[in-house]
Amino acid sequence: MVDTFSERIDADLKNAMRERDTVTRDTLRMVMAALKNRRIELQRDLEPPDEIGVLQKAHKSRLDSAQQYSDAGREELAEKERTEASLISNYLPKQLGEEETRTIVQAIVDELGLTEKKEMGQVMKAVMARHKGEVDGKLVQKAAGELLS
């Protein structure tokens, strides 16, 4: 049984090497290096939230790069970045959709009794702490902006 993201990625990396899948191999090597760097940075073993954070950062980085390549007319590089982002997303928790995110934000706004836009930071902090890795920050911000006046 594979316990952590690192162990799962390591096992998948070995399979990619056996199958000579260079894109998967190279992507997983980059992710493993990022996890190792984060472990060194924190000077401790990574907890699942730490691992999710590293994976989210790597995923977002690939999507941003793909967008930049597309804007520059380099579709072959953009496609490579999108493929890598897709591989990384397999290890991330499922993201909640706009409706589910709005429901969560509404519940926290009601729970905390918030009404003004200037309190959006409190909503963001509470939602992101309780649902780390499950919700997109931009969706939370959008929903909070609509709910607070």
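Observations, loosely collected:
- The numbered conditions (1) modelled with pLDDT under 85; (2) closer than 25 Å to Ala33 by Cβ are all true for Val135 except (2).
The rows are residues; the columns are (1) closer than 19 Å to Ala129 by Cα; (2) more than 15 Å from the chain's Cα centre (by Cα); (3) assigned to a helix (DSSP H, G or I).
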position: Ala34; (1), (2), (3): no, no, yes
position: Asn37; (1), (2), (3): no, yes, yes
position: Leu46; (1), (2), (3): yes, yes, no
position: Glu51; (1), (2), (3): yes, no, yes
position: Val54; (1), (2), (3): yes, no, yes
position: His59; (1), (2), (3): no, no, yes
position: Ala66; (1), (2), (3): no, yes, yes
position: Ser70; (1), (2), (3): no, yes, yes
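- Matching residues in region 14-32 - criterion: being farther than 12 Å from Ile88 by Cα and part of a helix (DSSP H, G or I): Lys14, Asn15, Ala16, Met17, Arg18, Thr22
- Which numbered condition Phe5 fails, given (1) without any contact (Cβ under 8 Å) to a residue 60 or more places away in the chain; (2) surrounded by 13 or more Cβ atoms within 10 Å (Cβ to Cβ): (1)
- Remark: pairs (first residue in region 29-51, touching a residue at least 40 places away in the same chain (Cβ under 8 Å); second residue among the charged types (D, E, K, R) and assigned to a loop (DSSP other than H, G, I, E, B); Cβ separation under 7 Å; 6+ apart in sequence or on different chains) = Pro49/Lys132.
- Taken as a whole, the structure places Leu139 among residues that are within 23 Å of Ala66 (Cβ to Cβ), surrounded by 16 or more Cβ atoms within 10 Å (Cβ to Cβ) and not assigned by TED's automatic domain parsing to the domain that holds Leu28.
- The residues of region 73-89 that are in contact (Cβ under 8 Å) with a residue 60 or more places away in the chain and surrounded by fewer than 19 Cβ atoms within 10 Å (Cβ to Cβ) amount to a single one, Thr83.
- Val105 fulfils the conditions (1) buried (at least 16 other Cβ atoms within 10 Å of the Cβ); (2) under 25 Å from Ala11 (Cα atoms); (3) among the β-branched types (Val, Ile, Thr) except for a single criterion, (2).
The values are calculated or read from the model by the stated rules, or taken from the named source; none is laboratory data. What you see is a predicted model; the values in this text were computed from it and never measured. Every residue, glycine among them, receives a Cβ derived from its backbone with ideal geometry; neighbour counts consider all protein chains shown.
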